[in-house]
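The values are calculated or read from the model by the stated rules, or taken from the named source; none is laboratory data. This is a predicted model, so every value here is computed, not measured. Glycine gets a Cβ as well: all are built from the backbone with ideal geometry, and neighbour counts include every protein chain shown. For accessibility, only protein heavy atoms count, side chains too; no ligands or nucleic acids. Shrake-Rupley method; radii C 1.70, N 1.55, O 1.52, S 1.80 Å.
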Amino acid sequence: MEGTSLRNRREDEKSVQSIQSKEPKTTTLQKEVGLLSGICIIVGTIIGSGIFISPKSVLSNTGTVGPCLIIWAACGVLATLGALCFAELGTMITKSGGEYPYLMEAFGPIPAYLFSWTSLFVIKPTSFAIICLSFSEYVCAPFYSGCSPPQAVVKCLAAAAILLITTVNSLSVRLGSYVQNVFTGAKLVIVAIIIISGLVLLAQGNTRNFENSFEGTKLSVGAISLAFYNGLWAYDGWNQLNYITEELRNPFRNLPLAIIIGIPLVTGCYILMNISYFTVMTPTELLQSQAVAVTFGDRVLYPASWVVPLFVAFSTIGAANGTCFTAGRLVYVAGREGHMLKVLSYISVRRLTPAPAIIFYGIIATIYIIPGDINSLVNYFSFAAWLFYGLTILGLVVMRFTRKDLERPIKVPIFIPILVTLISIFLVLAPIISEPALEYLYCVLFMLSGLIFYFLFVHYKFGWAQKI
């Protein structure tokens, strides 16, 4: 009897194993990103084209050196506070996709869908397009000395950069991380060259541009907000690690550590780079410069001035790679939740990357290159981005009361998200009140147009809409 019972038990176990082996296996994103790669993603994504473009815009809105440096420091503090709020959100809701899952948890599907809609068609592709256009202009500049490069050449090279970066990130997570690490190292070289050169000049007594640095300052609410817009554009990327939480090893430890190390490092670099610029250029000369870093290189590194545009190109391509690496995950998560085409939620079985989402993202970014006006794209991007940054951090405050059951490995003081939310409201409303422009209205109308697609394809799921 015991032998028969044992034989029957073994047959049952075999049948269970047979059934389990026939069940479909799921393909998921792998935890391939460690602390060092996380820091490199933050630093590599933030330090891109912004620090080589924004100094002129920040100075033009502040007017003098002192307020200009204060704005750069304040932007770094704001980015750090925002990132700490996102660290609590990222360790409380451990899903990839950045703001998307946080808005879903705090406010429900409609704000989350509008964020994914706006990010998919405005925020992320415009950022990718701006960075690639900046990369293309720096690469083309040495070949067209004394004149502006043809727009067709600039746009074709930018499109080629998008194609290359999209291909790399579709092929392998490790390859994308490796490329990010290499270009982060390259951009830190040019940052170090500018900072060290500036400190040497400062030690030699080149301090005339810092004397009476607040004299003649005339600031308005609109000017301050626009200065913050341009400064914060240079810091954009402070929240990028939250887009790949599912691929981060030990996120409860590595996410906040990467933020605490990465963003203050960038802030220090930005302040020192601006100080270096002012050691060789007066405010007037800086405003007249076509490319601030190139002018600095021509005056300080004359025999080796070619190094500057080369490494600036490395910096921008690295930032574009980091943006593509993280933004593809947003499209993937939205597709997984049923808020975008289902094909966008597929993961390559061989490569273990969200290849369809990354390719789709690259296509949208390429379309933005065709009209390709960097200034209008920056304003369009900043308005939409800070609207959703503020809404997401407001969600953190709301969930302190509505979702007390959620575990919070990291818990920031409540005044920090409240302060960041208020600053976000100021940044969104101040430019509209001080200098109304139709582009802000167009941006709001485009965001609200997403509701049409939400109700047709997601909420009601009409048969004829589903067939489309």
| field | Per principal axis, descending, Cα span of segment 32-458 in whole Å | value | 60, 45, 43
| field | Per residue value of the accessible surface for segment 30-153 (all protein chains in place, 1.4 Å probe), Å² | value | 27
| So if we plug the beta-carbon distance of Leu445 and Ser148 into 1/(1 + (r/R0)^6) with R0 = 22 Å, what FRET efficiency do we get, rounded to 0.05? | 0.10
| With each label point set 7 Å from Cα along the Cα-Cβ vector, what nm distance links Ala192 and Phe214? | 3.6
| query | Which of the peptides 178-185, 399-406 is most tightly packed, and how do the rest follow, going by the mean number of other Cβ atoms within 10 Å of each residue? | reply | 178-185, 399-406
| query | Between Ala304 and Ile271, what is the label-to-label distance in nm when each label sits 7 Å out along the Cα-to-Cβ direction? | reply | 2.8
| task | Could you give the spread of the C-alpha atoms of segment 53-120 along their three principal axes, from largest to smallest, in whole angstroms? | result | 45, 24, 18
